[in-house]
Amino acid sequence: MRHHGFSSEALIETLHTIQSTFGYLDLEALRFVAGNLRLPLSRVYGVATFYNFFTMKPQGEHVCVVCLGTACYIKGSPDVLEAIERFSHLTPGETTPDKKVSLVIARCLGTCGLAPVATFDGELAGKIEPMQATGKIEEWLNFEH
């Protein structure tokens with residue numbers, strides 16, 4: 001915030017920096033940003049919850065994002081999501097008890113030509129099949145450090 005002169009125009013960049021540092025945005029951080037950028041908390045909260053990049057709770061060691069945008073939906077992303085849910089016992093927004101895997105949904109990842117798509121730790125997987133997705137989740141859950 002100091003770098004940008006505490007400008008309200010730096011809201012998204014500020015939230016991004018906080019999430020990069022702490023892994024997620026909590027209410028305390030949002031209040032801090034709102035106060036320092038002289039913005040209503042409702043605006044800061046609205047931005048933090050609008051963009052699927054931001055998360056309001058700690059994520060697992062690995063994050064799977066399944067796109068449910070129109071093209072992905074039509075091409076089978078509900079089947080991919082259902083397979084992951086069945087396999088991992090997670091619903092979107094949840095993290096496994098051991099904190100290894102988080103499951104997230106997105107409204108569009110901007111790669112409609114590769115539908116259906118998902119990301120695994122930020123790496124895009126296009127034309128993904130349910131078995132491929134559960135295979136990646138299984139790999140994460142069974143990986144020993």
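Are there any helices (runs of 4 or more DSSP H) wholly within the range 1-101 with 2 or more residues that are at pLDDT 95 or above and on the phi < 0 side of the Ramachandran plot, and if so which? Outline the logic, then answer.
Values: elements: 11-22, 27-37, 41-50, 70-75, 77-88.
Fully inside the range 1-101 and qualifying: 27-37, 41-50, 70-75, 77-88.
If you scan the range 55-97, which residues turn out to be in contact (Cβ under 8 Å) with a residue 40 or more places away in the chain and among the acidic types (Asp, Glu)?
Across the range 55-97, the qualifying residues are Glu61, Asp79, Glu82.
Working only within the range 113-133, note down all residues that are surrounded by 18 or more Cβ atoms within 10 Å (Cβ to Cβ) and not in a strand (DSSP E or B).
Selection gives Ala115, Pro116, Val117, Ile128, Pro130, Ala133.
The values are calculated or read from the model by the stated rules, or taken from the named source; none is laboratory data. Computed from a predicted structure; not experimentally measured. Backbone-built Cβ (ideal geometry, glycine too); neighbour counts: all protein chains shown.
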